Each structure stands twice: as C-alpha cells, then as structure tokens.
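The values are calculated or read from the model by the stated rules, or taken from the named source; none is laboratory data. Quantities reported herein were computed from a predicted structural model and do not represent experimental measurements. Quick reminder, even Gly has a Cβ in these numbers, built from the backbone with ideal geometry, and neighbours come from all protein chains shown.
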Amino acid sequence: MRFLPTAEQADFVRTLDRMLAAAGTPETARAWAAGEHGGGRRLWARLADAGLFALAVPEAYDGFGPRPVELALAFVELGRHAVPGPLAETVAAAALLDALPDPGPAEEWLPRVAAGRALLGLAAPEGGRALDADAADGVLLVSGERLLLAREHGPVEASLDPVRRLALPREDTAAVLATGPAVTAAAARAADRATLVTAAQALGVGLALLARTVEHVRRRHQFGVPVGSFQAVKHRLADTLIALEFARPLLHGAAVTGAGADVAAAKAACGEAAYRAARTALQLHGALGYTAEYDLSLWLTKARALRSAWGTPARCRARVLAETPV
C-alpha cells in the first residue's frame, strides 16, 4: 500500500498551496463571517478551475472522480489556508447524489458542482443544522427515508468558529429528491466522505497553527534570547508535531481503504491533533493569541469546530471499537 503522494498528486498540492497563498484567504474568511460571500464564491470558482470539485464527481457527470486520496490531500491545503465555505458538505453531497439509484438528481447537480457553479449544503445528522446554508444553492437533508432539497432556512446562528455559520433548513418547503432504503445507504456514504475530508481539513489547520507558532517563538525574545530556545517550549512544539505526523498516515490510510472504522480513526486523530496544536499556539502566543483581530484566531476557532464536526472524538472512537474485529 502506498502512502506517499505520487508526483502528480504532489504537483496538485503545490499548485493549490501557491494559489491559496496568493489569494489572501484570511480577508476572504473574515468577509465570509460577516455574510459577504462574493470573495468566497470567486475563490470557489478558482478552486473549481484547478479541478478540486471534479475530484468528487464521477466522469459520467463531467468530473474525474471520485478520488478520495486526492480529495484528502487537497483538503489539508484548504485547512492550512483557512478557506471558508461548505467545502466538506459539497463533496459529501456529491457522494450522496451519486449513490442514489435514480440518476436524475445527480444529472441536475453534479456537473454544476464539478464546474464550481453550485455550492451544496448537507444538514448534519445531529440537530439538522447546515453549514453556510445562506451561501449554498441548496441544502440536502435526510428525513427518515426521504432525501430533501431545501432552498430556505431559518435564522443564521453563530458557531464556535465565526466563519462557520449554521442554519436550520426548512423541511416544510423542501423538494423531495428521492425516497426509500437507498437514501439511508447513500446518506451513510456521504457522512463517511464528509468525515474523511473534515479530518483532512483539521490536519491542515493543525499544521498551519504549528507553523505560525514556530515562526512566532523564533521572532519573540525574552531575557535576550528567542522564546523558542526554551526547553519547555521545544518540548511542547515537538509533542504537537508528533501528534500531527501520527495522524497523517491514518488519514492517508482511510482515504485509500474508505472503511468506516479507518475514517473514524483518522477523524479522531486529526481532530485531536489540531486541537492540541490550537492549545499550544494559544499558550505560546500569550495574550496575542486571544485577540480576534490577529489572523491566528481564524485557525484557533476552526480547530475547535472541526474537532466536533462530522463526528466527535468520542463518537469516532466508539465506532472504531464497534467495527474493528477482535
């Protein structure tokens, strides 16, 4: 089994990194948090031009996927650069529509998703809230054995991460896309895809927090020497790096196998590693880390939100125990 990216995959990751580094994503994320989606939609279109969303869409619908390994690698970069929007949800919605026996909804939506012309939300199973429903072209939600498409939603609510805006889709005005047991199976497949790419996004957030913290402790001096030269600081950073690097192969393995237990293990490891990185960053930045105006806050709050999104650590560990043969 190969866990190292191929040359083509590495080139794709570098392309995304360069593009996002030049895009000014912190400013775009702050505007998104304020409900201004223009910059985010333009960035979404650029990601689509780079082929990101086509990775989630089968060739029959103008994509070249599904390719979960490439998606996982790409979502690490999306997390590293704090890209806003219902990214994981759109990818998961594509998996859901593709899994339906009736190709009608997929034929309508998936070519638009691949081209970046459609943002699809997906309501979370817990509480039914959807991420960025006010920016999405539609929100998929499962009610029993019915798959619904909602275009209206309740008030937008704040979350742990101000950039991640939540709303309750209106089921009473939603259109029915599919019914029957196949909806339940498709929804489970979509949830696994959302869990996988959310884990990748969390890993990217953790890597960004670690990199920013290392840069900070190199610059900041105390008692005439860099803070990063203190033994306690080195140990804290080393522990954070180890947690992130131990999570990375779990993510790659889950992308290769697609097994539910593997996906859950990756999500638990990546979410916890990113949260550790956030705590380390907050402590080593001192009072500066608490300020919302400082860009670090975009990753701090996201690490906490992604830790619970699409599977809390406790729920993921329970799934690993339940689905792993003794």
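Identify, please: which residue in the stretch 118-138 is of a type in the set (A, V, I, L, M) and closer than 17 Å to THR195 by Cα and is, among those, surrounded by the fewest Cβ atoms within 10 Å (Cβ to Cβ)?
ALA124
Restricting attention to the stretch 1-39, which residues are of a type in the set (Val, Ile, Thr) and closer than 21 Å to GLU157 by Cα?
Within the stretch 1-39, just THR28 meets the criteria.
Just wondering, is there one or more residues in the stretch 231-248 that are among the hydroxyl-bearing types (Ser, Thr, Tyr), farther than 30 Å from GLY104 by Cα and either in contact with a strand residue (DSSP E or B) (Cβ under 9 Å, 6 or more places away or on another chain) or in a helix (DSSP H, G or I) (or both)?
Yes, some residue in the stretch 231-248 is among the hydroxyl-bearing types (Ser, Thr, Tyr), farther than 30 Å from GLY104 by Cα and either in contact with a strand residue (DSSP E or B) (Cβ under 9 Å, 6 or more places away or on another chain) or in a helix (DSSP H, G or I) (or both).
For the stretch 106-117, which residues satisfy the criterion of being surrounded by fewer than 21 Cβ atoms within 10 Å (Cβ to Cβ) and either part of a helix (DSSP H, G or I) or charged (D, E, K, R) (or both)?
Answer for the stretch 106-117, where residues must be surrounded by fewer than 21 Cβ atoms within 10 Å (Cβ to Cβ) and either part of a helix (DSSP H, G or I) or charged (D, E, K, R) (or both): GLU107, GLU108, PRO111, ARG112, ARG117.
Just checking, how many residues over the stretch 142-159 are over 14 Å from ASP102 (Cβ atoms) and in a loop (DSSP other than H, G, I, E, B)?
Number satisfying all stated conditions: 8.
Out of (1) modelled with pLDDT under 95; (2) surrounded by 17 or more Cβ atoms within 10 Å (Cβ to Cβ); (3) among the acidic types (Asp, Glu), what's the single condition that is false for GLU77?
The one condition GLU77 does not meet is (1).
Looking at the stretch 57-67, can you tell me whether even one residue there is surrounded by fewer than 21 Cβ atoms within 10 Å (Cβ to Cβ), free of Cβ contacts under 8 Å to residues at least 12 places away in the same chain and basic (Lys, Arg)?
The answer is no; no qualifying residue exists.
So which of ALA243, ALA247, ALA158, ALA167 is crowded, with 22+ Cβ neighbours inside 10 Å and free of Cβ contacts under 8 Å to residues at least 40 places away in the same chain?
Exactly one residue qualifies, and that residue is ALA167.
Is it fair to say PRO162 is within 30 Å of ASP295 (Cα to Cα), under 19 Å from the mean Cα position of the chain (by Cα) and part of a loop (DSSP other than H, G, I, E, B)?
So PRO162 fits the description; yes.
Do the conditions hold for VAL91, that is, is it more than 16 Å from VAL183 (Cα to Cα), touching a residue at least 12 places away in the same chain (Cβ under 8 Å) and among the aliphatic types (A, V, I, L, M)?
When the stated conditions are applied, VAL91 passes them.
Sort out which residues of the stretch 269-304 are among the small types (Gly, Ala, Ser) and buried (at least 24 other Cβ atoms within 10 Å of the Cβ), and write them in order of number.
Correct list: ALA269, GLY271, ALA273, ALA274, ALA277, ALA278, ALA281, ALA303.
Go through (1) in contact with a Pro (Cβ under 6 Å, 6 or more places away or on another chain); (2) not in a helix (DSSP H, G or I) and name the single condition ALA178 misses.
Every condition holds for ALA178 apart from (1).
Select from the stretch 261-291 the residues that are more than 19 Å from the chain's Cα centre (by Cα) and either in contact (Cβ under 8 Å) with a residue 40 or more places away in the chain or within 16 Å of VAL214 (Cβ to Cβ) (or both) and list them in ascending order.
Answer for the stretch 261-291, where residues must be more than 19 Å from the chain's Cα centre (by Cα) and either in contact (Cβ under 8 Å) with a residue 40 or more places away in the chain or within 16 Å of VAL214 (Cβ to Cβ) (or both): ARG279, THR280, ALA281, LEU282, GLN283, LEU284, HIS285, GLY286, LEU288, GLY289.
I'd like the full set of residues that are closer than 18 Å to VAL76 by Cβ, more than 17 Å from the chain's Cα centre (by Cα) and part of a helix (DSSP H, G or I), limited to the stretch 18-33.
Matches in the stretch 18-33: ARG18, MET19, ALA21.
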